[in-house]
Amino acid sequence: MQVKIKTYGLPPIDERIVLLYAGVKKAEDADINLIRDCAKEYLQTAGKVCYLICPIEVSADQVSFTFAKVKSKSLSQRLNGCNYAVIFAGTIGIEIDRLIKKYSLLSPSKAVIFQALGAERIECLCDIFNGEVNDSVIGSGGTTKPRFSAGYGDLPLEFQREIFNALNPQKHIGLYFTESLIMAPSKSVTAVIGVQAESEILL
Amino acid sequence: MNLKNYIKNNLLIFDGGMGTLLQSKGLKVGELPERFNLSNPTAVQQIHKSYFDAGCNVVTTNTFGANSLKFSLEELEEIIKSAVENARIAQKNSQTNQPKWVALDLGPTGKMLKPYGDLEFEDAVDVFRNTVRLGVKYGVDLVIIETMNDCYETKSALLAVKEECSLPVIVSNAFSEDGKLVTGASPKIMVNILEGLGADAIGVNCSFGPDKLMNVVDEYIKYSSLPIIFQPNAGMPKVVNGKTEYDVSPKDFAVSALQAVQKGVKIVGGCCGTTPDHLKAVCEILKGVKPLKTTKKNYSTVTSFVKAVDFEKTPVLIGERINPTGKKKFKEALKNQDIDYVLKEGISQQEKGVHILDVNVGLPEIDEGAMLEKVVLSLQEVCDLPLQIDTSNPVAMERALRLYNGKAMINSVSGKEESMQAVFPLVKKYGGVVVCLTLDENGIPPTATERVEIAKKIIGVAKSYGIDKKNLIFDPLALTISADKNSAKETLKAVKIISEKLKCKTSLGVSNVSFGLPSREIINSNFFTMALNCGLSAGIMNPYAEDMLKSYYSYLALSGLDESFDGYINFANSLPKKEVVEVKIEGGSKDKSLEKSELQTAIIKGLKNQAYKITKELLKNQKPLDIINGEIIPALDYVGVGFENKTVYLPSLLMSAEASKVAFDAVKEEVSSSNQNKGVFVLATVKGDIHDIGKNIVKLLLENYGYKVIDLGRDVEPKFIVDAVVKYQAPMVGLSALMTTTVPYMQQTVKLIKELAPWCKTIVGGAVLTEDYAKSIGADKYCKDAMEAVRYAEIVTNK
């Protein structure tokens, strides 16, 4: 069970998604200009993911991974029929946190945009990785389930500790968590992707 | 044999990977490898012995994660004791005859340090200290700090080692694909920080295979005066037949090791995936190979955690504005612990193009050490420039240098014995480039020659402390010409001699020269040009003084230092156009139905510059309070109502709020004490939580509506919040929490407020909260957004 690392260059920022995360339903020029100003200052163009693939056993209210067992009906439902899981952690790094901090002091409107921009970037990273998993699994005749994170449904946030123990993202991608289970850098995601596959997954 | 002497003339070979070998000897997934020292000592001894048998000089103890965050102190002691014993037994049992040593292995804590994580810097130092103390107790020969991917944590570990023992210490960092640490430091920055803190050898490990790490090694060789260590992985992991394998063979690994040695690396070993076979191949290929001599580098450099500034050809601008001297508002801010004010001063100087920020917060009424520490930490959260720690108080200086993330500039030491005795030990311990004033017990000598003599004396004394002259920057002191017409000439002469004859760097506080004369900027900026022409390396200056920047950018352009004139052109384009103040707003009168004034339109559209200019214009004819109540507040209300009705969205609301704040500031400049204080509102993000955008938005809006906001920041203890409520007799307090894990602290805080400050209304908000939940924890009010908080505050204060 080896943890692997991938670095992805990210595509251009999708302004529509940033607007969505910033809660802007009808954008005006000022909103778009604000996003463009922020995007100019955001220089990070890559994100990192570390992951592992492990066989799982799913019962009605419990999922057994090789590294831990967790009681959760929601996760069991989501992983129903799966025999593998891809457990991953992704982050776009610390730069966005510095910008959010700086602008929450100087210009909260920009801070809100950076917050939304960071959310767009990390989701974009997760989508790229998830897409690769889907392609690989579906290509060899299997199926995947949408990704699921600790804190969703009844899957306790504490499960984050198990994920961190298994992935050691501190070492691999510089992702940490605090005693309150807040991730640092903040624009980061950990999640489980359920896989139903006949053969071993190659990724 | 003495290790430090050995590596002067010999290559040193470290061992290779431990983790995969432990797994092959039965370590289970999830089992902590450090416990294997106790549960299966023979296996650990065998691995160590196989590395000694392969010809390695140093094995590292199996203590990568052995720290007091993971283990109790009792268990930690048992682990380290057995880990050192295991290595020593292997050393005894190995029959090969190369010199052998045992290194204590220190890996990262696994936690991120504040401000982005939750581990305090000093707590990190203590965690490492516990491990080092035990390693020393059980007799290791040296310490290796390795696989660190954050420069701040690396600093905490190295400080712990240096404070706990005098053993040789090697520091090795793990780099990402972009050639930087995950928190952004480049190899050049690491070289500067670690040399400054007194590491004996530095370099890289883990990260990738040898080929990909070679660029990082090149950078180390370019900048480092210390021996360099190189311990890459055996390439990248691949799964072959269900087993993990690394893709670089022992033979190829050894060839890369040889290449690294030929470039100047002195210490070679392996990290993940390397085996005794890899190291055996390394020892064989390096047999008889002599290391290159480590050469001293003469760069004068200061750094933050992501930026390095060199005092080389291009002169450096040091912003002088973080300093209370002669600034009433700044003094007030310091007295009121208004750190935000200081931070904004830092950021706006950065926007003016300075390369380093001078930080001076000395005031008789305040605890300078505590304030300097706080300002340095806070500045480093929002500004990535290197800082110049400016204080005459050695205690304050040490507190700041200790917590500073980077290699600081230090201001200052003089030729006085007392000054050198106080400052040089700090420079030696924490690293840094120190400004040396050419004065001594007899004051400032009048002639350049005498000032140069003092400089020479300072160089000698610094050397006796082990401080190289590349880390000294001489300030030959600019005195006012109105007192002595020749004083500028002598200063310039001293700059020239120090840079040309002593081959040292220089800096000057430029502005003194014109004291007592009218239109000082003219003199200052021309003196600055003259000084630059004499070879001045850095100017401590006011970046808001346009003439100074004109001198600077012209000098760069005229002396061939501005490649393609980008610096000059950008500066020229940034100069304000000479035209009449434009207060007309496009579209301002379009929306006739709203009948908004120009100021209101500017606020509604979020145009900060316009809002400021128009307010200034209005103040010529209108009373400040009329502008606030008749113009600003209604405009803000208009946007606020739009937000509540969901026709205006958060970014627009905030842009308007920022514009109205600027308008308020313009009013405040006219009337120093604005009587717009509707009441005090204490605001905090609760303990355990580090999110603060929501809280800051609430703050901005409340301030706009005339409330005095006491912002306690984030991750705030319940007791601290209650103390502030009591101290300010605040009628209301706002608490923010974004995580289910931190809401319990919100509950504790509310409870404590109900006990100790029962008059105070508690307002709670944050992503995970609901109306019902707020009720269940006893809060008076749940607010779903900032406008609702404003509305509730108005109800509370109108009662």
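May I ask you to say which residue of B:Asp358, B:Asp338, B:Asp277 is closer than 22 Å to B:Val382 by Cα and open to solvent by 10 Å² or more (accessible area, probe 1.4 Å)?
B:Asp338
Considering each residue of the stretch B:621-646, count those that are open to solvent by 30 Å² or more (accessible area, probe 1.4 Å) and either within 18 Å of B:Glu598 (Cα to Cα) or out of contact with any helix residue (DSSP H, G or I) (no Cβ under 9 Å at 6 or more places or on another chain) (or both), and give that number.
13
Going by what's in this entry, would B:Thr131 be described as open to solvent by less than 10 Å² (accessible area, probe 1.4 Å) and within 14 Å of another protein chain (Cβ to nearest Cβ)?
no
Of the residues A:Ile122, A:Ile87, which is within 14 Å of chain B (Cβ to nearest Cβ) and not polar (S, T, N, Q)? Lay out the reasoning, then the answer.
Details: A:Ile122 fails: within 14 Å of chain B (Cβ to nearest Cβ).
Exactly one residue qualifies, and that residue is A:Ile87.
Yes/no matrix, rows are residues, columns are (1) touching a helix residue (DSSP H, G or I) at 6+ places or on another chain (Cβ under 6 Å); (2) outside the structural domain of B:Leu479 (by TED's automatic domain parsing); (3) surrounded by fewer than 23 Cβ atoms within 10 Å (Cβ to Cβ); (4) among the aromatic types (Phe, Trp, Tyr):
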| site | (1), (2), (3), (4) |
| --- | --- |
| B:Leu508 | yes, no, no, no |
| B:Phe515 | no, no, yes, yes |
| B:Ile522 | no, no, yes, no |
| B:Phe527 | yes, no, no, yes |
| B:Asn533 | no, no, yes, no |
| B:Asn542 | no, no, yes, no |
| B:Ser554 | no, no, yes, no |
| B:Asp562 | yes, no, yes, no |
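Within the stretch B:308-335, which residues are over 19 Å from the mean Cα position of the chain (by Cα), open to solvent by 10 Å² or more (accessible area, probe 1.4 Å) and more than 26 Å from B:Phe515 (Cβ to Cβ)?
B:Glu312, B:Lys313, B:Thr314, B:Lys335, listed by residue number.
Output the number of the condition that B:Asp689 fails; it satisfies all remaining conditions of (1) within 10 Å of chain A (Cβ to nearest Cβ); (2) touching a Leu at 6+ places or on another chain (Cβ under 7 Å); (3) assigned to a helix (DSSP H, G or I); (4) open to solvent by less than 10 Å² (accessible area, probe 1.4 Å).
Single failed check for B:Asp689: (3).
Pull up the stretch B:116-156, narrow it to residues that are within 19 Å of B:Leu194 (Cβ to Cβ) and aromatic (Phe, Trp, Tyr), then point me to the one that is farthest from the chain's Cα centre (by Cα).
Top of the filtered list is B:Phe128.
Out of (1) under 37 Å from the mean Cα position of the chain (by Cα); (2) within 14 Å of another protein chain (Cβ to nearest Cβ); (3) more than 21 Å from B:Ile145 (Cβ to Cβ), the odd one out for B:Val240 is which?
So the condition that B:Val240 fails would be (1).
Look through the stretch B:9-35, keep the residues that are in contact with a Ser or Thr (Cβ under 8 Å, 6 or more places away or on another chain) and not acidic (Asp, Glu), and return whichever of them is most open to solvent (accessible area, probe 1.4 Å).
Restricting to residues being in contact with a Ser or Thr (Cβ under 8 Å, 6 or more places away or on another chain) and not acidic (Asp, Glu), the top hit is B:Val29.
Using beta carbons and a limit of 9 Å, which pairs, at least six apart or on different chains, have the first residue in the stretch B:251-274 and within 19 Å of B:Lys293 (Cα to Cα) and at pLDDT 95 or above and the second one acidic (Asp, Glu) and open to solvent by 10 Å² or more (accessible area, probe 1.4 Å)?
Taking only residues 6 or more apart or on different chains, the pairs are B:Lys263/B:Asp218.
So for the stretch A:90-109 (the condition being over 21 Å from B:Asn696 (Cα atoms), more than 9 Å from chain B (Cβ to nearest Cβ), in contact with a helix residue (DSSP H, G or I) (Cβ under 8 Å, 6 or more places away or on another chain) and at pLDDT 95 or above), does at least one residue qualify?
Step one: list which residues in the stretch A:90-109 are over 21 Å from B:Asn696 (Cα atoms), which gives A:90-93.
Still in the running and more than 9 Å from chain B (Cβ to nearest Cβ): A:90, A:92.
Now restrict to residues that are in contact with a helix residue (DSSP H, G or I) (Cβ under 8 Å, 6 or more places away or on another chain): A:90, A:92.
Going one step further and asking which of them are at pLDDT 95 or above, we end up with A:90, A:92.
Yes, the stretch A:90-109 contains at least one residue that is over 21 Å from B:Asn696 (Cα atoms), more than 9 Å from chain B (Cβ to nearest Cβ), in contact with a helix residue (DSSP H, G or I) (Cβ under 8 Å, 6 or more places away or on another chain) and at pLDDT 95 or above.
Just give me the residues in the stretch A:25-71 being part of a helix (DSSP H, G or I) and either at the interface with chain B (Cβ under 8 Å from one of its Cβ atoms) or closer than 20 Å to A:His172 by Cα (or both), in sequence order. Before you say what the answer is, go through the steps one by one.
In the first step, residues of the stretch A:25-71 are kept if they are part of a helix (DSSP H, G or I); the result is A:29-41.
Once the filter is applied, which keeps residues that are part of a helix (DSSP H, G or I) and either at the interface with chain B (Cβ under 8 Å from one of its Cβ atoms) or closer than 20 Å to A:His172 by Cα (or both), the stretch A:25-71 yields A:Ala30, A:Asp31, A:Leu34.
Go through the stretch B:438-461 and give me each residue that's of a type outside the set (Val, Ile, Thr) and assigned to a loop (DSSP other than H, G, I, E, B).
Taking the stretch B:438-461 and keeping what is of a type outside the set (Val, Ile, Thr), we get B:439-443, B:445-446, B:448, B:450-451, B:453, B:455-457, B:460.
Once the filter is applied, which keeps residues that are of a type outside the set (Val, Ile, Thr) and assigned to a loop (DSSP other than H, G, I, E, B), the stretch B:438-461 yields B:Leu439, B:Glu441, B:Asn442, B:Pro445, B:Pro446.
Determine which single condition B:Gly65 fails, assuming it passes every other condition in (1) more than 14 Å from every other protein chain (Cβ to nearest Cβ); (2) open to solvent by less than 40 Å² (accessible area, probe 1.4 Å).
Unmet for B:Gly65, out of (1) more than 14 Å from every other protein chain (Cβ to nearest Cβ); (2) open to solvent by less than 40 Å² (accessible area, probe 1.4 Å): (1).
Is it the case that the stretch B:425-448 has a residue that's free of Cβ contacts under 8 Å to residues at least 40 places away in the same chain, of a type in the set (Val, Ile, Thr) and open to solvent by 40 Å² or more (accessible area, probe 1.4 Å)?
Scanning the stretch B:425-448, I find at least one residue that is free of Cβ contacts under 8 Å to residues at least 40 places away in the same chain, of a type in the set (Val, Ile, Thr) and open to solvent by 40 Å² or more (accessible area, probe 1.4 Å), so the answer is yes.
Answer yes or no as to whether B:Tyr728 is within 12 Å of another protein chain (Cβ to nearest Cβ) and among the aromatic types (Phe, Trp, Tyr).
Judged against the criteria, B:Tyr728 is not a match.
Collect the residues in the stretch B:694-742 that are of a type in the set (Val, Ile, Thr) and touching a residue at least 40 places away in the same chain (Cβ under 8 Å), keeping them in residue-number order.
Passing the criteria: B:Ile697, B:Val698, B:Val725, B:Val733, B:Thr741, B:Thr742.
I need the full set of residues from the stretch B:614-628 which are more than 12 Å from B:Glu670 (Cα to Cα), more than 42 Å from the chain's Cα centre (by Cα) and not acidic (Asp, Glu), in order please.
B:Asn621
If a residue must be among the charged types (D, E, K, R) and farther than 21 Å from B:Leu119 by Cα, how many such residues does the stretch B:156-189 contain?
4
Filter the stretch B:471-506 for residues that are closer than 30 Å to B:Val191 by Cα, open to solvent by 70 Å² or more (accessible area, probe 1.4 Å) and in a helix (DSSP H, G or I) and give the result.
B:Lys496, B:Glu500
Which residues, counting only those in the stretch A:165-179, are at the interface with chain B (Cβ under 7 Å from one of its Cβ atoms), open to solvent by 10 Å² or more (accessible area, probe 1.4 Å) and within 20 Å of B:Tyr745 (Cα to Cα)?
A:Glu179
Go through the residues of the stretch A:60-69 one by one and say whether even a single one is over 25 Å from B:Lys28 (Cα atoms) and of a type outside the set (D, E, K, R).
Yes: the stretch A:60-69 contains one or more residues that are over 25 Å from B:Lys28 (Cα atoms) and of a type outside the set (D, E, K, R).
For the stretch B:509-540, which positions are under 34 Å from the mean Cα position of the chain (by Cα), modelled with pLDDT under 95 and closer than 20 Å to B:Asp390 by Cβ?
B:Gly509, B:Val510, B:Ser511, B:Asn512, B:Val513
The values are calculated or read from the model by the stated rules, or taken from the named source; none is laboratory data. Predicted model, so just to flag it, every value in this text is computed and none were measured. FYI the Cβ positions are ideal-geometry reconstructions off the backbone, even for glycines, and counts take in every protein chain you see. For the accessible areas, the whole protein counts, side chains as well, though only heavy atoms, and no ligand, DNA or RNA atoms are used. Shrake-Rupley method; radii C 1.70, N 1.55, O 1.52, S 1.80 Å.
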